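Read through the structure below, which is laid out as structure tokens, and then see the notes.
The values are calculated or read from the model by the stated rules, or taken from the named source; none is laboratory data. Model, not experiment: these values are computed from the prediction. Heads up, the Cβs are rebuilt from the backbone with ideal geometry, glycines too, and the neighbour counts pull from every protein chain shown.
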Amino acid sequence: MPPAAFLASIPSPSRGIVHLGPLPLRAYALCILGGVFAAVALAGKRWVVRGGDERTIADLAVWAVPAGLIGARLYHVITDYQLYRDDPVGALKVWEGGLGIWGGVAVGAGVGLWVAHRRHLDLAVLLDVVAPAIPLAQAIGRWGNWFNQELFGRPTSLPWGLRIDVANRPDGYAQFSTFHPTFLYESLWCLVVVAIVLAVERRHVLRPGRLFAVYVAAYTFGRFWFELLRIDSAHRIGGLRINDWVSVVVFVAAMAVVVTGGRRPSPSLGVPSIDEHGAHHQGHGGVGAEHGEPGPRRRGGGAPLNDPDDGAAGLAGKVPGDVVVPGRRQEVDQDGEDEKQADQGGDGSDRAADDGGQPDAHQPDGDQVEGPSR
């Protein structure tokens, strides 16, 4: 290939298999695995920051990732069934490409949340944790399409046009050599989605779980435009590909969740509160505590660990060093605590009256606020 032609386009790999001795390693699978490892690492760090166990995300991934791959393949086979009408066995050849992100996220997230529910984890916090990790995995996994020379867009003469071998060009496009690298567009957009999610997390305090909806809305917004460029075979409704319609519907639903969800109320479940007497009330450990699993301590006090903006939860910041369980579902029985304090206050008054109006020498003046745990 002349140097000028090379610089005016993006070359495609000549093969997508690397042989490690007798073992063939398919680049498509390696890209997916690389995305999975990166996502688990990022989500694991975010879970630990919120006080969770560092092994939790990896344990959930053991269930969620295989389920996601099955869901992604099923979505592809169902929506492009005509490709396997004469070759049913080909539906099992995942290494040749053909994974639908919609099925992967739906089934993978569903199984992961089900396992997390069985372990009594906070599902809303878990969704916030994986919100930037999933698009990171997508950004890396999309490079598998480059090795397979698939899912490219319309012909283009732009300098970043992707060179496709004649054998991989769709019918009617044999005379063109360079095409829009939609895999690259989507990979870069997924990195932008990661940045969007993290920026929203830093600047806004959303209700738990709404950050995942931000990821879904941002990703589907970009996916709609990339689908318009693609020329591979696909079913259409009203002139648009099925994936375009799915993008529109999912985007509207995700934006509705973000908008109607609003900002986090204060105080929220599991967040320490202060009553009018200055006494501190802390939600107990919920289901996890019933199983004798103490929750992690907040580091250095301040806002709750599942709050991305430490300065936003001013109420929680008044009681540094409290014990919270961000990875467990929690309940607050405020009325019972208030009644208990009222009873204690009444007993103190009765004793003072019996002693001639003199307060008990061992009874401190005013209400005692519990100090920070050490």
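Any idea how many residues of segment 142-164 are touching a helix residue (DSSP H, G or I) at 6+ places or on another chain (Cβ under 8 Å) and of a type in the set (V, I, T)?
Of the residues in that region, 0 qualify.
So in segment 47-61, with the set limited to residues that are touching a helix residue (DSSP H, G or I) at 6+ places or on another chain (Cβ under 7 Å) and surrounded by fewer than 20 Cβ atoms within 10 Å (Cβ to Cβ), which one is nearest to L136 (Cα to Cα)?
Result: A58.
Residues in segment 270-291: is at least one of a type in the set (D, E, K, R), at pLDDT below 85, in a loop (DSSP other than H, G, I, E, B) and surrounded by 18 or more Cβ atoms within 10 Å (Cβ to Cβ)?
No.
So which residues in segment 152-186 are crowded, with 20+ Cβ neighbours inside 10 Å and not β-branched (V, I, T), if there are any at all?
Result: F152, G153, G161, L162, F179, H180, P181, F183, E186.
Every residue, every condition in (1) under 17 Å from W47 (Cβ atoms); (2) not β-branched (V, I, T), yes or no:
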residue	(1), (2)
V89	no, no
G104	no, yes
V129	yes, no
G141	no, yes
L151	no, yes
I164	no, no
T182	no, no
R202	no, yes
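Filter segment 204-242 for residues that are touching a Pro at 6+ places or on another chain (Cβ under 7 Å) and part of a helix (DSSP H, G or I) and give the result.
Scanning segment 204-242 gives Y215, Y219.
For the structure I just gave you, tell me whether I134 is under 30 Å from R210 (Cα atoms), among the β-branched types (V, I, T) and surrounded by 16 or more Cβ atoms within 10 Å (Cβ to Cβ).
yes
K93 is checked against (1) at pLDDT below 95; (2) surrounded by 20 or more Cβ atoms within 10 Å (Cβ to Cβ) and fails just one. What number does that condition carry?
Tallying (1) at pLDDT below 95; (2) surrounded by 20 or more Cβ atoms within 10 Å (Cβ to Cβ), K93 fails exactly one: (2).
Could you tell me which numbered condition T156 fails, if it satisfies all but one of (1) more than 30 Å from L198 (Cα to Cα); (2) in contact (Cβ under 8 Å) with a residue 60 or more places away in the chain; (3) in contact with a Ser or Thr (Cβ under 7 Å, 6 or more places away or on another chain)?
Tallying (1) more than 30 Å from L198 (Cα to Cα); (2) in contact (Cβ under 8 Å) with a residue 60 or more places away in the chain; (3) in contact with a Ser or Thr (Cβ under 7 Å, 6 or more places away or on another chain), T156 fails exactly one: (2).
Just one of W114, W102 is surrounded by fewer than 22 Cβ atoms within 10 Å (Cβ to Cβ), within 25 Å of the chain's Cα centre (by Cα), at pLDDT below 90 and within 30 Å of V257 (Cα to Cα); which is it?
Just a single option satisfies the conditions, and that option is W102.
Among (1) within 25 Å of I164 (Cβ to Cβ); (2) in contact (Cβ under 8 Å) with a residue 40 or more places away in the chain; (3) surrounded by fewer than 19 Cβ atoms within 10 Å (Cβ to Cβ), which single condition is R202 missing?
Of everything listed in (1) within 25 Å of I164 (Cβ to Cβ); (2) in contact (Cβ under 8 Å) with a residue 40 or more places away in the chain; (3) surrounded by fewer than 19 Cβ atoms within 10 Å (Cβ to Cβ), R202 misses just condition (1).
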